[in-house]
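Before any comments, here is the structure.
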Amino acid sequence: MDRQKPRLATLKPHIQSLGTSATLAINEHMHALIRQGKEVFKLGFGQSPFPVPESVVHALQDHAHEKGYLPVRGLDTLREMVAQYYKQRMNLNADASQVIIGPGSKELIYIAILCLEGDLILPAPSWVSYAPQAQLSQKKVHWIDTSGNPQLLLTADLLEKFCQAHPKKQGTLLLNYPSNPAGSTYSSTQLQAIARIARQYGIVVISDEIYGELNHSGNHDTLARYYPEGTIISSGLSKWCGAGGWRLGTFLIPKTMHGLLDAMAIVASETYTSASSPIQYAAVKAFDFDDYIAEYVHQSRRVLKIVAQYAYDNLSDAYLTMPEPIGGFYLFPDFEFYRAVLGKRNIKTSVEFCQRLLEETGVALLPGTAFGHTHSRLTARLAYVDFDGAAALQYAIEKERELNKEDIEILVPNVKAACERIISWLL
Ligand code: PMP
Ligand code: GLU
């Protein structure tokens, strides 16, 4: 009998249309090129260059034998420590019942998006994974273009205009600051203005503050101070503690939204169960934020600040425009000035730009499209993290004076060479 073979594993269309996350794809591509013997400047992937603080590594070693599953919401002592951290460092009114621990904040953000009713509101540019996560949850995304603001950040005015244009929509706003990719952040005044609009229109804000401790001047402020009832703070160990691969994320959820925390814990209980036990024990040490950790973070900021300033000054002198770096480890240059020159080389989109730049100079960046910019906008994200973080920290500790441009060659030779290559390739 001529029976058609049944088709195995047909994918749902909304899953099928997704690709590997742009950040992880570029990371794997960069390493594949290196294995082939190519010279690559790894400015495509945003991973902390600094080692995990020794005391936290020791805490992990001391708890390697912890083998049991932990409570779904996280280890009690860790949840208490995270609440304590927010009380002491951010002056917030937090307690352990508001904390949930997950295997990376990325997972927690995904679960929150999954659980929350309504659409997702994203400033463009925004981090690469938010929109695909919404797509996984079949949630509609509204992009708010921030191009009119030199910092490429959302303004209260833009948010208000959006809310007025969509009066019946219930929405969740994802606000990330210091920003990946823009490198800029909100002032307290800007946060207050956004808080006023969010409160007026009943918008839930997931405030992704994973780079908060890496505000280069140490002056991070949080929306939760001005909009406590509507702000969820997302963070974790990946950036300020250099432990991306450890996969530990935290959410601090206002008591007004305890239903969301309960729902997230239910999803967690049916999916990942609990974050890794030894990592949670080690995280207690990190969130304790003792003098040793504070010094580590302080020195990390000193290094990031001078590297950011160096790259920003050089690229700006070559007529690239971008927000001034305030925190984190990214710049988001606009190559518009070179549109005609690039057009002659048949480069018309940010994807073509990044491909050709990588092929012809070895410098890996991520195209602006990954962050919600249209194809024709010649923007790209540069992560200034291709350097030996352990050596840079040691150097910074030994130099008691202010770090300056003379230190760049020793601190970050690859970042320096990459900036030079980008500029000479453009000219
Ligand atoms: N938010 C932003 C803005 C990020 O850059 C990242 C990348 N690590 C994450 C969230 C997710 O971090 P993690 O899952 O490692 O906590
Ligand atoms: N957050 C990092 C980046 O933006 C990468 C890690 C990830 O995407 O999970 O490059």
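Laboratory data are not the source of any read-out in this text; all were calculated from the coordinates shown. As the structure is a computational prediction, the values presented were derived from the model and not from experiment. Positions of Cβ are generated from backbone atoms using ideal geometry, with glycine treated the same way; all protein chains shown enter the neighbour counts.
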Next item on the list: Set the Förster radius R0 to 35 Å, insert the Cβ-Cβ distance between Lys169 and His65 as r into 1/(1 + (r/R0)^6), and round the FRET efficiency to 0.05.
Entry: 0.10
Notebook entry, point to check: If each of Glu39 and Ser269 carries a label point 7 Å out from its Cα toward its Cβ, how far apart are those two points in nm?
Noted result: 5.7 nm
Check: What ranking do Ile408, Ile26, Ile397 get, fewest neighbouring Cβ atoms within 10 angstrom at the top?
Finding: Ile397, Ile408, Ile26
Item checked: Over the stretch 203-298, equivalent-ellipsoid semi-axes from the Cα gyration tensor in Å -> 24, 20, 10
Check: Among Asp317, Asp334, Asp145, what is the fewest-to-most ranking by other Cβ atoms within 10 Å?
Finding: Asp317, Asp145, Asp334
Note to self: With the cut-off at 1.5 for a/c, could you classify the stretch 226-281 from its C-alpha gyration tensor as rounded, prolate or oblate?
What the structure shows: oblate
Next item on the list: Can you pull the one-decimal nm distance between simple spin-label points at Val351 and Thr374, each 7 Å off the Cα toward Cβ?
Entry: 1.6 nm
Margin query: Can you sort Ile423, Ile306 from fewest to most other Cβ atoms within 10 Å of each residue's own Cβ?
Written below: Ile423, Ile306
Next item on the list: Only Cα pairs under 8 Å and at least 6 apart count here; give the relative contact order of the chain as a rounded whole percent.
Entry: 23 percent
Item checked: Pairs beyond 24 Å (Cα-Cα), from Lys285/Lys305; Lys239/Lys285; Lys87/Lys399; Lys106/Lys255; Lys161/Lys239; Lys169/Lys239 -> Lys285/Lys305; Lys87/Lys399; Lys161/Lys239; Lys169/Lys239
Check: Zone of Ile15 (label point 7 Å along Cα→Cβ, backbone N under 20 Å): which residues in the stretch 80-122?
Finding: 107-116
Next item on the list: Find the all-direction average of the projected area of the Cα convex hull for the chain, expressing the result in square nanometres with one decimal place.
Entry: 25.1 nm²
